[in-house]
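Please treat every number below as a calculation from the coordinates, not as lab data. Not measured: the values here are computed from a predicted model. Neighbour counts are summed over all protein chains in view; Cβ atoms, including those assigned to glycine, are modelled from backbone coordinates with ideal geometry.
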Amino acid sequence: MKTMTCQQLGGPCDLAHHGATADDVIKAQDKHLKEVVAAGDEVHKPALKDMKARWRRPIAGMGWYRKAKQDFAALPEA
Ligand SMILES: [Zn+2]
């Protein structure tokens with residue numbers, strides 16, 4: 001398991017996501033953004049907008065995924 005924070009994934013807070021793969025933490029971040037924004041959070045709105053834009057435009061979002069996966073791979077195993 002490795003840990004990446006909301007901030008490491010482009011978000012504004014330091015909530016930690018745990019996962020065995022980069023996809024796990026990316027999905028956890030996606031869920032986190034949706035949940036807090038649905039609960040009325042304003043500071044996560046730009047990050048959620050970015051995330052949605054990446055889902056809609058996978059080619060343009062690819063650079064972000066590659067970076068997130070590299071960052072994840074570079075983390076020490078916890
Ligand atoms: Zn957050």
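Values as computed for the structure displayed
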read-out	value
Residue within the stretch 40-48 that is among the β-branched types (Val, Ile, Thr) and within 12 Å of the ligand (Cβ to nearest atom) present	yes
Selected residue (criterion: surrounded by the fewest Cβ atoms within 10 Å (Cβ to Cβ)) from residues of the stretch 9-21 that are touching a residue at least 24 places away in the same chain (Cβ under 8 Å) and under 19 Å from Lys52 (Cβ atoms)	Cys13
Residue match in the stretch 51-58 (condition: more than 12 Å from the ligand (Cβ to nearest atom), part of a helix (DSSP H, G or I), within 14 Å of Cys6 (Cα to Cα) and hydrophobic (A, V, I, L, M, F, W, C))	no
Enumeration of residues in the stretch 1-31 that are part of a strand (DSSP E or B), under 21 Å from Met62 (Cβ atoms) and within 13 Å of the ligand (Cβ to nearest atom)	Met4, His17
